[in-house]
Amino acid sequence: MLGTMRGALRGVVLASLALGMAACTQTKSFVHDQVPARPDGSVEVLLLEPDIELSEISVGGIAFPKADWTERGRSNVNAALVQIMEQKDARLIYYEPPADAPPEHPYNQILKLHEAVGSEILNHKYSNNSFLTLPTKKDKFDWTLGPEVQQLREVYAADYALFVYFRDSFATGGRVAMMVVVGALTGVAIPGGFQVGYASLVDLDSGDILWFNVLFSEVGDLRDAGSAAEATEDLLDQLPL
Amino acid sequence: MSRAPTSVAACAILLIASACASTAPVSDIQPGQRPALESDEAGFWMAFEEFEDDLRASSLVVRDPALNRYVTGVVCNLAAAYCQDIRVYLIRHPAFNASMGPNGTMQVFTGLMLRAENEAQLAYVLGHEMGHYIRRHTLTRMRDVRNKTDAASVFGLAGAMVGVPMSGAISSGIAYASISAFGRDQEREADAIGFQMFRKAGYDPTQAARIWELLTAEAEAGDWPSPPPLFASHPPTLERRETLAGLAEEASDAPSSAYEERYQNTILQFRFDWLREDLRTRNFSGSEHLYDRLVEAGHGRGETLFFKGEIYRLRDDEGDDEKAVEAYTLAIAERDAPPEVFRSLAFVEWSRGRRAEARQAFERYLEFAPSADDRLMIEFHIEELS
């Protein structure tokens, strides 16, 4: 279960960091130590297919993926992204993976590298556990994918690459009842649904991760166009474009 | 004051009701059928589609076109109607395993391909996996998991309310064991469907039970204990073997074949890599048993004997040096001995203080593999031994 395992691990990281944050909607972002000035006029942003999944939390506390909610969530977030980027005078270019590219294909390698680096940022910059703070990264933010990303810049004629990730879950009626009963009897709050997301902006010249943001919300709902637009705006609020 | 307990009680009733939701039986999936977007089944398909995207970009997938065509051909031969719905991924992994995703993602491990003696044995396993797909086992299993974990948390909570110590742990233990038992029932069902397709496609019916015999013998010879039977998701192997042997006896006398030559010729060029992966498990006794069986079967004897020698060279127990040299010597007598056999022989001879033999073996290694990556190192060793 290669991919799912990796996804699950990232989910655990995000969930554990979410528990350290308070209720409502919160974001926490980092900006690269050296962000080159944004070129004047319109910029081109390569959008990697947003990784979005919506699920339902059963009474027993298991998240079951929901295809119809996910489809709605994806289309809501994509619509919001178009609007937000328009306001920033940025043109979205959509990444289309080459058909049947082998694993050693440079695009696949760049995407995998971003996933690995993103996980490290989540682990080492967002954890409340000081044990996970890397001495070499403590007071700086200088993660990079390296200049190989220029291959994407050349093919797609883009200045930046944008990665967006969202997981949104909702408690079933039974789960809500469970939360009420357990809460009333023991005073312990057991988790229901919540929303987590992260986004990163990569400079397609240097490969530097210019900006990275994590969002956690107990009230968001990507199924709803208005709420999805708000969540996407919150996620991209400090985007240095 | 009285409002809270009432709503808690109402919630408790709602919980019991939701935990007792029944699982309606599902019909077989039809060729080309896709689940409705609103269904829970579509959610499982979606999750597997994402997994499949990762699989497509994974370096663990064996991409050789001819080998992939061959295995897909066996799938289509078993059930032509579902041929378009099932996508086979050969996974570089030394375990005997295959699995089926709800959306038709079939994974076949190279450890299975190494162990199957013929196409019929492979076909029986593929048929079994297709049985899971046709019967929509992921869907029924996930619904069962959902019902049982729902019930476990509700009854665990109810138990805690009336004061049964450890009731949460007990109910989740019961739920887990009962989910496993459900898994075993599905395995029986998949066996039955797989066997039917396999028989109809003209494969030798005795081969289904035969592969379980081989696995049982290998597991018994191995260094590692098998999982506790209560939690194993597969029916006890003996029971499965007997059922399949019974089915084979009932099968008609229609002409059938195991297609051993065709199978062995197809995998021949991959066996070396697969044996190397198997050796890395360091389950030396299990590997020894397996390689002995492969040598006896007579396909790729030279390379198999080389790996048998490697078991002893790496294990390095009392007397293993002699056993390694014996296996390497037998390997060298075969036409298909890999050049590496001389290098390994050289190291073992050297460690036994037989420097002249070691030097000679290094020289023969370079003779058979003149452009070896480690040529400079070996030349250095030859110099040392002079």
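Read the figures in this text as sums done on the coordinates, not as results from a lab. The structure presented is a predicted model; accordingly, all values stated were derived computationally and were not measured. We place every Cβ from the backbone using ideal geometry, glycine too, and count neighbours over all the protein chains shown.
Structure above, values below:
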read-out	value
Highest to lowest packing among B:208-215, A:24-31, scored as the average C-beta count within 10 Å	B:208-215, A:24-31
Distance histogram for chain A (every C-alpha pair counted, 5 angstrom bins, percent rounded to whole numbers)	1, 6, 13, 17, 19, 17, 13, 8, 4, 2, 1, 0, 0
Alpha carbon Rg of the stretch B:265-385, scaled by the compact-globule rule 2.2 N^0.38 Å	1.04
0 to 90° range, to nearest 10: angle between helix A:67-87 axis and chain A longest Cα axis	40
Nearest 10 degrees, 0 to 90: helix A:225-236 Cα axis against chain A principal axis	60
Viscosity 1.567 mPa s, temperature 4 °C, Stokes-Einstein D of the stretch A:184-241 from Kirkwood C-alpha radius, µm²/s	95
Relative packing of B:35-41, A:53-59, B:298-304, which averages over residues the other C-beta atoms within 10 Å, highest first	A:53-59, B:298-304, B:35-41
Inter-chain shielding of B:138-145 (mean C-beta neighbours from other protein chains, 10 Å cut-off)	1
Ascending count of other beta-carbon atoms within 10 Å, so fewest first, for B:61, A:77	B:61, A:77
Proxy reagent accessibility, fewest Cβ within 10 Å first, across B:371, B:153	B:371, B:153
Mean Cα-pair separation over length for chain A, i.e. relative contact order, pairs under 8 Å, 6 or more apart, %	32
The protein assembly as shown: translational diffusion in µm²/s, Stokes-Einstein, Kirkwood Rh over Cα pairs, 37 °C, 0.692 mPa s	115
Likely footprinting exposure, B:63, B:354, fewest C-beta neighbours within 10 Å first	B:63, B:354
Peptide-level mean, for B:30-39, of C-beta atoms on other protein chains within 10 Å	2
Within 10 Å of each Cβ in A:168-181, the average number of Cβ atoms from other chains	5
